[in-house]
Amino acid sequence: MTTIDIAGSRVGRVGFGTMQLTGPRALGEPSDPGEMRRVLRTAVESGVRLIDTSGYYGPGVANRLVAEALRPYATDLLIATKIGAVRTPDGGFVAAVEPAALRAAVHDNLRTLRVERLQLVHVRNMPDAPIPYEETVGVVADLRAEGLIDSIGVSNVSVELLDQARGITEIASVENEFHLGDTSGRAVLDHATELGIPFLAFRPLGNGGVLAPDSRVAKAAATAGVAPAALALAWALEQSPGLAVIPGTSSRAHLRDNLAADAVVLDGRVRAELAGE
Ligand SMILES: NC(=O)c1ccc[n+]([C@@H]2O[C@H](COP(=O)([O-])OP(=O)(O)OC[C@H]3O[C@@H](n4cnc5c(N)ncnc54)[C@H](OP(=O)(O)O)[C@@H]3O)[C@@H](O)[C@H]2O)c1
């Protein structure tokens, strides 16, 4: 698999997001936890070395499954987690960025992942946050100084917020939405690439939306003779050598399609079909 350096780890550019391992809307238990653990083990056995998770998936469920399935963790596995939000009973996300909430979230992730330090923590920018993003990043930098965190990343940020965060502390990665159905993150991707900061494209399949049977992706995939998901992810990987994708799936068959993305080479005809030309 082609690789990328993130937070001191060299990992394959196709990672794995854990949100789909929990119940609907990332709340509660999955119907078949054993199968979710098999999906995780298959991912790592197939070469995935980047896992994106959060204590608020479940809450606590995704991290618990990761620990159950993957401990003892491979020494070259990078587990990235996220803080800055908590869940509402209806599945929504609200800001939780007061210093005590950030500290609690770090300890919650340490406990549920069963690790002594968090390798990479993405600080999620929340539109309803009552305090400025850079202050939140400053609090997380203090938690790193205490030895609880190795590296800090930013998530859901603009170019301006990325630069503000860089003024506070070293930023190891950016995690933003980016896929064929939403390229509004292009400016942040380009800025991060110029700075040499890896960009983790979250929701890289548009939560499945880019794969509809009558979509451009489905048609172009038929032309290319590959699975639609593999093509959609390959397109994302082509946008920058500094980009990794973290597709989420609860299915081992889908996982195989997603991992195949790394070997898909787009030609002019397929690119034109994806562009709707
Ligand atoms: N930082 C943030 O704010 C943020 C926000 C959202 C997500 N994330 C991260 O990004 C990860 C990915 O996002 P996501 O899970 O929301 O969306 P996604 O990866 O774009 O798409 C997941 C959806 O696509 C389906 N799928 C996956 N692989 C497929 C394949 N090969 N063929 C057909 N369908 C496939 C999944 O269903 P099946 O289970 O049936 O495969 C699921 O419905 C999350 O797990 C999470 O780690 C981060």
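Would you please list the contacts, defined by Cβ atoms under 6 Å and residues six or more apart or on different chains, that run from a residue in segment 252-268 that is near the ligand (Cβ under 9 Å from one of its atoms) to a residue that is open to solvent by less than 50 Å² (accessible area, probe 1.4 Å) and in a loop (DSSP other than H, G, I, E, B)?
Once the first residue is near the ligand (Cβ under 9 Å from one of its atoms) and sits in segment 252-268, its partners that are open to solvent by less than 50 Å² (accessible area, probe 1.4 Å) and in a loop (DSSP other than H, G, I, E, B) give Leu255/Thr249; Asp257/Ala227; Asn258/Pro247.
Taking segment 138-157 as the search range and keeping residues that are part of a helix (DSSP H, G or I) and either open to solvent by less than 10 Å² (accessible area, probe 1.4 Å) or within 15 Å of the ligand (Cβ to nearest atom) (or both), which one is nearest to Arg186 (Cα to Cα)?
Here the answer is Val140.
Hey, can you tell me all the residues within segment 158-181 that are out of contact with any helix residue (DSSP H, G or I) (no Cβ under 6 Å at 6 or more places or on another chain) and open to solvent by 10 Å² or more (accessible area, probe 1.4 Å)?
Ser158, Glu160, Asp163, Arg166, Gly167, Glu170, Ala172, Glu177
When you go through (1) in contact with a Gly (Cβ under 6 Å, 6 or more places away or on another chain); (2) closer than 24 Å to Ile79 by Cα; (3) open to solvent by less than 40 Å² (accessible area, probe 1.4 Å) one by one for Val188, which number turns out not to apply?
Looking at each condition in turn, Val188 falls short on (1).
Mind listing just one residue for me: the one in segment 198-251 that is of a type in the set (S, T, N, Q) and within 8 Å of the ligand (Cβ to nearest atom) and, of those, least open to solvent (accessible area, probe 1.4 Å)?
Result: Thr249.
Would you pick out the residues in segment 54-64 that are open to solvent by less than 10 Å² (accessible area, probe 1.4 Å) and touching a Lys or Arg at 6+ places or on another chain (Cβ under 6 Å)?
Ser54
Confirm whether Val44 is more than 15 Å from the ligand (Cβ to nearest atom) and closer than 27 Å to Leu237 by Cα.
The answer is yes for Val44.
Return yes when Ser31 is within 13 Å of the ligand (Cβ to nearest atom), free of Cβ contacts under 8 Å to residues at least 12 places away in the same chain and either of a type in the set (Asp, Glu) or in a loop (DSSP other than H, G, I, E, B) (or both) and no when it is not.
It is true that Ser31 is within 13 Å of the ligand (Cβ to nearest atom), free of Cβ contacts under 8 Å to residues at least 12 places away in the same chain and either of a type in the set (Asp, Glu) or in a loop (DSSP other than H, G, I, E, B) (or both).
The values are calculated or read from the model by the stated rules, or taken from the named source; none is laboratory data. On a predicted model such as this, the values are computed, not experimentally measured, just so you know. As a convention, Cβ positions derive from the backbone with ideal geometry for all residues, glycine included, and neighbour counts pool all protein chains shown. For accessibility, only protein heavy atoms count, side chains too; no ligands or nucleic acids. Shrake-Rupley method; radii C 1.70, N 1.55, O 1.52, S 1.80 Å.
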